1. Can you tell me which residues in the range 98-136 are charged (D, E, K, R), loosely packed, with under 12 Cβ neighbours inside 10 Å and not in a loop (DSSP other than H, G, I, E, B)?
2. Can you confirm whether LEU105 is in contact (Cβ under 8 Å) with a residue 60 or more places away in the chain and touching a Phe, Trp or Tyr at 6+ places or on another chain (Cβ under 7 Å)?
3. Within the range 87-103, restricting attention to residues that are of a type in the set (D, E, K, R) and modelled with pLDDT under 95, which residue is nearest to LEU5 (Cα to Cα)?
4. Under 7 Å by Cβ, and 6 or more places apart or on different chains, what pairs join a residue from the range 36-58 that is on the phi < 0 side of the Ramachandran plot with one that is open to solvent by 80 Å² or more (accessible area, probe 1.4 Å) and assigned to a loop (DSSP other than H, G, I, E, B)?
5. I want to confirm something. Restricting to the range 1-26 and keeping residues that are among the hydrophobic types (A, V, I, L, M, F, W, C) and surrounded by 15 or more Cβ atoms within 10 Å (Cβ to Cβ), which single residue is modelled with the lowest pLDDT?
6. Go through LYS140, LYS94, LYS86 for me and flag whichever is open to solvent by less than 80 Å² (accessible area, probe 1.4 Å) and of a type in the set (Lys, Arg).
7. Would you pick out the residues in the range 37-58 that are open to solvent by 10 Å² or more (accessible area, probe 1.4 Å), farther than 19 Å from LEU125 by Cα and within 12 Å of the chain's Cα centre (by Cα)?
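The values are calculated or read from the model by the stated rules, or taken from the named source; none is laboratory data. Everything quoted here is computed from the prediction, not taken from an experiment. For neighbour counting, all protein chains shown are included, and Cβ atoms are generated from backbone atoms with ideal geometry for every residue, glycine included. To get the accessible areas, we keep the full protein, side chains included, count just its heavy atoms, and leave off ligands, DNA and RNA. Shrake-Rupley method; radii C 1.70, N 1.55, O 1.52, S 1.80 Å.
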Amino acid sequence: ESALLFDDTFRLQIIDKEGKKFQKVSRIEAKTEVYEMELELDINFDVYPMTVGEFYSISLARTLRTDGTEETGDFRADMGPSLLDKYDYAMYGKIFKFVEDGQKLAVYASFGGLLLGLKGQPQHLKSLEVDQRIYLLIRKV
């Protein structure tokens with residue numbers, strides 16, 4: 001079974017549309033070309049600055065193990081190859097809400113207070129569940 005629950009390439013469109021609310025955190029808005037997914041995400045720009053117009057691969061995973069097996073405890077750097085080897089930025093959090101919006105479905109998750117909103121066709125989000133623990137992984141394309 002694959003570790004990835006969702007994977008797509010997004011073009012960053014807007015940073016801090018409603019102004020900067022926190023010193024180190026920015027809210028980005030991005031869209032995909034293929035599946036027409038919309039994303040809003042809080043990112044620690046001190047750790048991982050991003051640029052409008054650039055493309056980023058954004059994935060949601062249920063485990064960091066490349067073979068998809070569940071983790072049995074805390075992540076350890078010596079656990080062997082992991083999805084972290086392929087990405088630049090990662091957060092661990094929990095899905096807390098689904099909202100139907102016409103023909104689209106919106107999924108909301110929190111990563112220690114940094115929020116994710118992901119909206120699109122339900123078939124692209126069918127692997128996600130409320131209360132599911134997930135990793136969000138980003139790399140520049």
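1. As a first pass, look at the range 98-136 and keep what is charged (D, E, K, R): 100-101, 104, 119, 126, 129, 131, 133.
Filter again for loosely packed, with under 12 Cβ neighbours inside 10 Å, leaving 100-101, 126, 131.
Scanning the range 98-136 gives GLU100, ASP101.
2. no
3. Only one residue tops the list, namely GLU100.
4. ASN44/LYS24; PHE45/LYS24; ASP46/LYS24; TYR48/ASP88; PHE55/VAL141; TYR56/VAL141; SER57/VAL141
5. Restricting to residues being among the hydrophobic types (A, V, I, L, M, F, W, C) and surrounded by 15 or more Cβ atoms within 10 Å (Cβ to Cβ), the top hit is ALA3.
6. Step by step, each of LYS140, LYS94, LYS86 is checked, and only LYS94 is open to solvent by less than 80 Å² (accessible area, probe 1.4 Å) and of a type in the set (Lys, Arg).
7. Matches in the range 37-58: ASP42 only.
Yes/no per residue for (1) outside any loop (DSSP other than H, G, I, E, B); (2) of a type in the set (Asp, Glu):
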site: LEU12; (1), (2): yes, no
site: GLU40; (1), (2): yes, yes
site: TYR48; (1), (2): no, no
site: THR69; (1), (2): no, no
